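A short worksheet on the structure shown next.
Coordinate-derived values only; no laboratory data. Model, not experiment: these values are computed from the prediction. Don't worry about glycine lacking a Cβ; one is built from the backbone with ideal geometry, like all the others, and counts go over all protein chains shown.
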Amino acid sequence: MKPTTPPKTYRVKSFGCQMNVYDGERMGELLAEKGITPAPEGEDADLVVLNTCHIREKAAEKIYSDIGRLTKGKTQEKAPMIAVAGCVAQAEGEEIMTRAPAVSMVVGPQAYHRLPEMLDRAVKGERATDTDMPAIAKFDSLPKRKRRSPTAFLTVQEGCDKFCTYCVVPYTRGAEISRPYSDLLDEARKLIEAGAREITLLGQNVNAWRGEDDKGRVAGLGQLIHALAKLDGLERIRYTTSHPNDMDDALIAAHGEVEQLMPYLHLPVQSGNDRVLKAMNRSHNAESYLKLLERFRDVRPDIALSGDFIVGFPGETEAEFEDTLSIVDEVRYAQAYSFKYSPRPGTPAASMDNQIAKEVMDERLQRLQERINRDQLAFNAASVGKSCKVLVERKGKHEGQWLGKSPWLQSVWFNDEAAIGDMVECDLVEAGGNSLMGVVKSRADA
Ligand code: 5AD
Ligand code: SF4
């Protein structure tokens, strides 16, 4: 590659999970420290970071078509500098470098703190790949958080040791690591100073977080939440995504004890059938999962439950799929995500016999989503007539319209005077599948 002038503007395109959104924001902050500014909406950027996801579908192919679109008909001088980050970078870094000469940097999810150095080299014309997994080092070398926003993500844990047979995450994000307690409290304080009223704790297995508190005691996520709740100005705490096997008593109890902990739980089950769960290496069964949810409902009866499902795992029969429908009927999720099984190269399930035909998966997914949508609408409809606090996150589509979240993570919109970051008390007056309409009753801030 020829040397080029240093980029003045950047754009980070993040795909996939909230962890990627967090990583994308941190990469933006690293670039901002070098004096590079976000490209204005609708304008081309000098540097594009494709922050990729590898969990499903033909993610890698999508990268190549994005790269093609960014460079089509352009000389190296005119085309943006391209960095590929995220889980596809981790899994297929070398291949990307070979197949896409327009890419100057490939950086894995545990190495992106070194993006600025890589950029200096790229400007000199050197292509660089960094997919090391030094775990915690990344967080120590990230810049201070400055972005002003009422809601913020805070990564507390990364990686996964569970090795569900369908999943690529243990290979792309590496082993489970927990960030130290004091680092997390410091980062939370900074987020609050920068205007955060709600913090969502992130981790691939967020409830596997373990640390040592300020008195040297072993702490889990429940204890960490108690400590965060003591920080002045933090009004809402959420966490995602949890694994059933990592749940402990303290975290469940926290839902009944900590007022700031929002009544919402995302706890993926993946399937309602025990044979399939075993083949997935989930190490919980349908019954133990349901018992766990009961314990949450005991301490927090209004808790909104959410989950993830995979249909068409290799060998899944019609009867086994119906067990998944049954568990949905039993739980009545407030909201849930469902996916068609997608073979991930290198994972055990990808080479299992009896891969399910696409048409069968399509049909199962549709039936599952009908039930999930039914329950989501019912959950929202049951909120009508209640009033709740709404944290305003953004403007709505129409003039004078604002959008925010209820404690149960429902989107609530209303027409009134407001500003981003306001906490308003709304009467919930009308429900749709994806949102509720509110009428401002009082200003919790006033
Ligand atoms: N195919 C389909 N869905 C998957 N997920 C993870 N791996 C796969 C796969 N290979 C889903 C799981 C997980 C969510 C983040 O993505 O439901 O909980
Ligand atoms: Fe993937 Fe299973 Fe780990 Fe979740 S727990 S990240 S599904 S391997």
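Rounded to the nearest 20, the size of the Cβ-charge dipole of segment 387-443 about its Cα centre is 160 debye, with Lys and Arg at +1 and Asp and Glu at -1.
By the count of other C-beta atoms within 10 Å, a proxy for reagent exposure, Ile327, Ile199 are ordered fewest to most as Ile327, Ile199.
Counting every pair of alpha carbons in segment 319-446, the share spaced more than 19 Å apart comes to 59 percent. The lysines within cross-link reach of Lys74, meaning a Cα-to-Cα straight distance under 17 Å and a gap of 8 or more places when in the same chain, are Lys2.
Relative to the Cα centre, what is the charge dipole magnitude of segment 9-130, using +1 at the beta carbon of each Lys and Arg, -1 at the beta carbon of each Asp and Glu, and rounding to the nearest 20 debye? Present the calculation step by step, with values, prior to reporting the outcome.
Numbers: 16 positive and 19 negative charges, 62 e Å.
The dipole of segment 9-130 has a size of about 300 debye.
The calculated 222 nm mean residue ellipticity attributable to helices in the chain amounts to -10500 deg cm²/dmol, summing -39500 (n - 2.57) over DSSP H runs of n ≥ 4 and dividing by all residues. Given q = 0.08, 0.12, 0.13 Å⁻¹, what are the Debye log10 I(q)/I(0) values for segment 21-178, with equal point scatterers placed on the Cα positions and solvent ignored? Debye intensities relative to I(0), on a log10 scale: -0.23, -0.53, -0.62. Full extension of the chain between Val123 and Ala253 gives 41.5 nm of extra length, using 0.36 nm per residue less the Cα-Cα distance. Arranged from fewest to most other beta-carbon atoms within 10 Å of their beta carbon, Val12, Val84, Val384 become Val384, Val12, Val84. Computed log10 I(q)/I(0) for the chain at 0.06 Å⁻¹: -0.27, from the Debye equation with unit scatterers placed on every C-alpha and solvent omitted.
How big is D for segment 228-385, in µm² s⁻¹ as a whole number, if Stokes-Einstein is applied with the Kirkwood radius of its Cα pairs at 25 °C and 0.890 mPa s? Please list the in-between numbers first.
Numbers: Rh = 16.9 Å.
My calculation gives 146 µm²/s for D.
If R0 is taken as 35 Å, the Cβ-Cβ distance between Asp213 and Asp161 corresponds to a FRET efficiency of 0.95. Lys/Arg Cβ at +1, Asp/Glu Cβ at -1, dipole of segment 9-130 taken about the Cα centre: which of Gly108, Ala79, Thr52 is farthest positive-ward? The listed residue farthest towards the positive side: Ala79. Label-to-label distance, Glu33 versus Asn434, with points set 7 angstrom from Cα along the beta-carbon direction: 3.7 nm.
Evaluated with a Cβ-only charge set (Lys, Arg +1; Asp, Glu -1), the chain carries a dipole of roughly 1100 debye about its Cα centre, given to the nearest 20.
The residue among Ser387, Gly432, Trp408 whose Cα reaches farthest toward the positive pole of the charge dipole of segment 387-443, with charges on the beta-carbon of Lys, Arg, Asp and Glu, is Trp408.
Neighbouring Cβ atoms within 10 Å as the yardstick, rank Tyr64, Tyr289 fewest first. Write out the running numbers ahead of the final one.
Details: Tyr64 14, Tyr289 22.
With the fewest neighbours first, Tyr64, Tyr289 line up as Tyr64, Tyr289.
In segment 72-170, which GluC sites (Glu not before Pro) fall in coil by DSSP and have 16 or fewer other Cβ atoms within 10 Å? Each step should come with its number before you reach the end.
Working: sites: Glu77, Glu92, Glu94, Glu95, Glu117, Glu126, Glu158; in loops: Glu77, Glu126.
Passing both the DSSP loop test and the Cβ count: Glu77, Glu126.
Amide hydrogen proximity for Asp130: with H placed 1.01 Å from N in the peptide plane, the residues at 5 or more positions away or on another chain lying under 5 Å are Val106, Val107, Gly108.
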